[in-house]
Amino acid sequence: MTAVQSTSPQDATGAANARGLSRAMRVALSLAVLCASLALYRQYHAKNWDIARRAALHVARTMRPGAL
Amino acid sequence: MPSPFAASICLLSALAFAALSAFAMWPTLRTGRAAADCASLVFAFLGVQTAMVVASGLVGAFKCGALGCVCAIGSVALLAASASRARISACLRGLVVPIARAMPGAARRHPLLALSWVAFAALLALRFRMFVLLLPPTSFDSLTYHLPKVAQWVQTGSLHLPDLPVKRVFWPGGSECLNAWWAVFHHSDMLANVPGHFFLAIIALAVYEIAGNVGVGRPGRAWCALSAVLVPALPVHATTCLNDLPVVAGFLHLAALMSRKSESEGDARTRWTLCAAVACLTVGSKPTLAFLAPGILLLMAANARRTDFRVLLHPMGFSRGAAAIVAAAAFLGAFWYVRNWIRFGSPLYPVVLGENSEDGIQSGAFSLASVRLALGYLLDKGGLFDGKPVIANLWYMAGWGPFAVCCGIPASAAAAVVSRKYRVLLFAFLLSAVSVLGSVVPDGSCLRFAIWFPAVLCVGFFVFLETVRPPRAIAATVAAIGLWTGFFAGASSLTNAAAIDWSFLRRHPRSSVSNLRPLVLKILRTIPEDATVAACLWREDPLYLLYGPRFTRRIITLETLDGAASISEWLRANGADYLFFPRYRSWNHEVGAALARDLAEGRMEDRGMGVFARKGSK
């Protein structure tokens, strides 16, 4: 079991909260968060990228000189 | 109408008075926590503005010159009185000196942090320039009932009770007071959406404080604040004159005050004073704060100490200054409800508790079916992932942005496993979310009542990084996703502006950029700026556009002909030349039939897009 050490006074509370968390647990939690983040981002990207692209094209088209 | 120069001088005088008054109040509101204290200072600044609008409106002196003179005299009086002068100078010393001393050292020690704050300030400045000065508010609700109130108050110089078919116009007007404050001096809506940016500042400071209370270190707190204000729904709301942002700011400030324990009796007294004042002022903007109360009550219970009970059981221990601040805030909050009680017989008019009205007016009764529907919009119908440019009424979308959704949700779940303090905070926010979503009408835009929720997800991300302390490679990857999505969140909130036809803006600066563009153009072209317009409106028509950007047109409501033989006769009797009746074939058949007769007999002309003119008018 590896206890998480506090590195600075302001981090004392946070480190105290995580005290007792094993390395395996930390790695497992971190990997779970990473995988979930990537999965959610994939969904978000699929739904929004085209909108952002079209919005950028729209601004470029309407603001270019001589567009009026 | 005042000249631009005189109006600017009066505005500066009024702002100086509001700032000096807030400084004079600040020592009573200080808890010793820098971020919470600064949020309280901004709240006090906005509270003084609201108080000035209500006070001048009640005596019919809500005018540029009167406000400018009174505020100039007030400023001189505050600076002349030794007690207030001492408080103001102590406040300025307390505010400026530590920042000036800390800045170079902090920037040297934490260059990334300093850079992030500079970027934050630059981003806000850019938004201020782009959205406030260039774009008028475009939200449907603003055009339907928030801004018509402002226009009527500025036109009449008083808190005139508007005679409009939109019943929601009678809801509390605390938020509109701030819009009116920025509109009255130049007699223009050019700056009406400025107050939203003060609420964004309160949100950033409150999130900074909340993050500190659950154990996030200082650099992490700054990132929490930055990521929370970049949640797309918030800056979009800050430019629209809607009253949801004051509720977000009030709720988060209350959460910041209540997510820690009292350190002493004095600290407990200040916290409870602030809590009462902020709650009253926020309820004066929008009563939905009451639906968010369960989460705040949970935080209060979780952090209660004997000191708090002792302080609350002995109210005589509070200072006279604290009592005066709470009394003023209670008056400003209760004013609108008392007015409705006297005028309509119900403080909550037009709400009927427990009944969903056909106007889409909130019922206030909690129902699990509403929660299920709202969660359906969020999860089943993809509202969580937005899927379209974020607009203020958040129709079938959450507006939380990619950072809170992709990084905040999984990290918050992990943070809740390891941090008890964060677990309590997350549970309190969830409780408030369930309470509010179960208490409002579950229509497609109900998710806008929960735009404060991403704040706890942003905090959760940094609690996760600091408490779980992932292995370096994973931490770097998660942080990279966080940075990318955080940046993308900021960019995606601009898509609201990007969806606008910018070429139109270049031709007609500030005339109107909205989805009602053809209608606005027609009104601009066909109705003179100083005309009196009779409006025959359905209950939800966005009538604000009729007033014009400088509130020059007078609007009267036409519902029945009151015995007049024709429309043109009714218009002549009421001093109007124009009729705005956009739905005349489908709404108000009495007036519609009379108009058809007048058109057939040549007494009225159809100018198109719902605009009709009396024969012979310009």
Yes/no for B:Gly217 being more than 19 Å from B:Ala398 (Cα to Cα), surrounded by fewer than 24 Cβ atoms within 10 Å (Cβ to Cβ) and out of contact with any Cys (no Cβ under 8 Å at 6 or more places or on another chain): yes
Check on B:Pro402, more than 18 Å from B:Ser259 (Cβ to Cβ), at pLDDT 90 or above and not aliphatic (A, V, I, L, M): no
Segment B:378-409, residues that are within 11 Å of another protein chain (Cβ to nearest Cβ) and among the β-branched types (Val, Ile, Thr): B:Val390, B:Val405, B:Ile409
B:Leu289 vs. criteria under 23 Å from B:Cys446 (Cβ atoms), aliphatic (A, V, I, L, M) and either surrounded by fewer than 19 Cβ atoms within 10 Å (Cβ to Cβ) or out of contact with any Ser or Thr (no Cβ under 9 Å at 6 or more places or on another chain) (or both): no
Contacts under 7 angstrom Cβ, first residue in segment B:58-77 being farther than 9 Å from B:Cys10 by Cα, partner part of a loop (DSSP other than H, G, I, E, B), 6 or more apart: B:Leu58/B:Leu159; B:Gly60/B:Gly157; B:Gly60/B:Ser158; B:Ala61/B:Gly157; B:Phe62/B:Gly157; B:Phe62/B:Ser158; B:Lys63/B:Gly157
Output for segment B:392-408, where each listed residue is assigned to a loop (DSSP other than H, G, I, E, B), in contact with a Phe, Trp or Tyr (Cβ under 9 Å, 6 or more places away or on another chain) and on the phi < 0 side of the Ramachandran plot: B:Ala392, B:Asn393, B:Met397, B:Ala398, B:Trp400
Hits in segment B:278-311 - residues which are assigned to a helix (DSSP H, G or I), in contact with a Leu (Cβ under 8 Å, 6 or more places away or on another chain) and modelled with pLDDT of 95 or more: B:Val278, B:Ala279, B:Cys280, B:Leu281, B:Thr282, B:Val283, B:Pro294, B:Gly295, B:Ile296, B:Leu298, B:Leu299
Meets criteria (closer than 30 Å to B:Leu353 by Cα, in a helix (DSSP H, G or I), aromatic (Phe, Trp, Tyr) and out of contact with any Cys (no Cβ under 6 Å at 6 or more places or on another chain)) for B:Phe449: yes
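Conditions (1) among the hydroxyl-bearing types (Ser, Thr, Tyr); (2) at pLDDT below 75; (3) more than 24 Å from the chain's Cα centre (by Cα); (4) assigned to a loop (DSSP other than H, G, I, E, B), marked per residue:
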| position | (1), (2), (3), (4) |
| --- | --- |
| B:Ala491 | no, yes, no, no |
| B:Asn496 | no, yes, no, no |
| B:Ile500 | no, yes, no, yes |
| B:Phe504 | no, yes, yes, no |
| B:Val513 | no, yes, no, yes |
| B:Ile523 | no, yes, yes, no |
| B:Leu561 | no, no, yes, yes |
Filter result for the condition that a residue is under 30 Å from B:Arg260 (Cα atoms), of a type in the set (Lys, Arg) and buried (at least 20 other Cβ atoms within 10 Å of the Cβ), over B:Arg93, B:Arg109, B:Arg87: B:Arg87
Tally of residues being surrounded by fewer than 20 Cβ atoms within 10 Å (Cβ to Cβ) and within 30 Å of B:Thr239 (Cβ to Cβ) across segment B:410-428: 0
Among the residues listed as B:Leu143, B:Leu79, B:Leu92, the single one being at pLDDT 80 or above and either under 27 Å from B:Val338 (Cα atoms) or not in a helix (DSSP H, G or I) (or both): B:Leu143
Of all residues making up segment B:46-75, the number that are assigned to a loop (DSSP other than H, G, I, E, B) and crowded, with 21+ Cβ neighbours inside 10 Å: 1
Failed item, numbered, when B:Trp484 is tested on (1) buried (at least 16 other Cβ atoms within 10 Å of the Cβ); (2) within 24 Å of B:Val236 (Cβ to Cβ); (3) at pLDDT 65 or above; (4) of a type in the set (Phe, Trp, Tyr): (1)
Selection count, segment B:256-276, where residues are assigned to a helix (DSSP H, G or I) and charged (D, E, K, R): 4
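Residues checked against (1) more than 30 Å from B:Val59 (Cα to Cα); (2) assigned to a helix (DSSP H, G or I); (3) modelled with pLDDT of 75 or more:
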position	(1), (2), (3)
B:Pro104	yes, yes, no
B:Leu112	yes, yes, yes
B:Leu115	yes, yes, yes
B:Met130	yes, yes, no
B:Leu161	no, no, yes
Meets criteria (buried (at least 24 other Cβ atoms within 10 Å of the Cβ) and closer than 30 Å to B:Gly387 by Cα) for B:Gly295: yes
Out of B:Pro470, B:Pro442, sole residue that is over 15 Å from B:Thr485 (Cβ atoms), within 9 Å of chain A (Cβ to nearest Cβ) and not in a helix (DSSP H, G or I): B:Pro470
Any chance B:Leu274 is buried (at least 23 other Cβ atoms within 10 Å of the Cβ) and within 23 Å of B:Asn243 (Cβ to Cβ): yes
Subset of segment B:564-608 that is surrounded by 18 or more Cβ atoms within 10 Å (Cβ to Cβ) and among the aromatic types (Phe, Trp, Tyr) - its residue that is modelled with the lowest pLDDT: B:Tyr584
Test: B:Val236 is buried (at least 24 other Cβ atoms within 10 Å of the Cβ), outside any helix (DSSP H, G or I) and out of contact with any Leu (no Cβ under 8 Å at 6 or more places or on another chain): no
Flag for B:Arg168 being under 30 Å from B:Ala411 (Cβ atoms), assigned by TED's automatic domain parsing to the domain that holds B:Ala302 and out of contact with any Leu (no Cβ under 9 Å at 6 or more places or on another chain): no
Boolean, B:Leu457 is touching a Ser or Thr at 6+ places or on another chain (Cβ under 6 Å), more than 9 Å from every other protein chain (Cβ to nearest Cβ) and crowded, with 24+ Cβ neighbours inside 10 Å: yes
Single residue of B:Leu430, B:Leu465, B:Leu426 found to be on the phi < 0 side of the Ramachandran plot and more than 14 Å from chain A (Cβ to nearest Cβ): B:Leu430
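The values are calculated or read from the model by the stated rules, or taken from the named source; none is laboratory data. This is a predicted model, so every value here is computed, not measured. Positions of Cβ are generated from backbone atoms using ideal geometry, with glycine treated the same way; all protein chains shown enter the neighbour counts.
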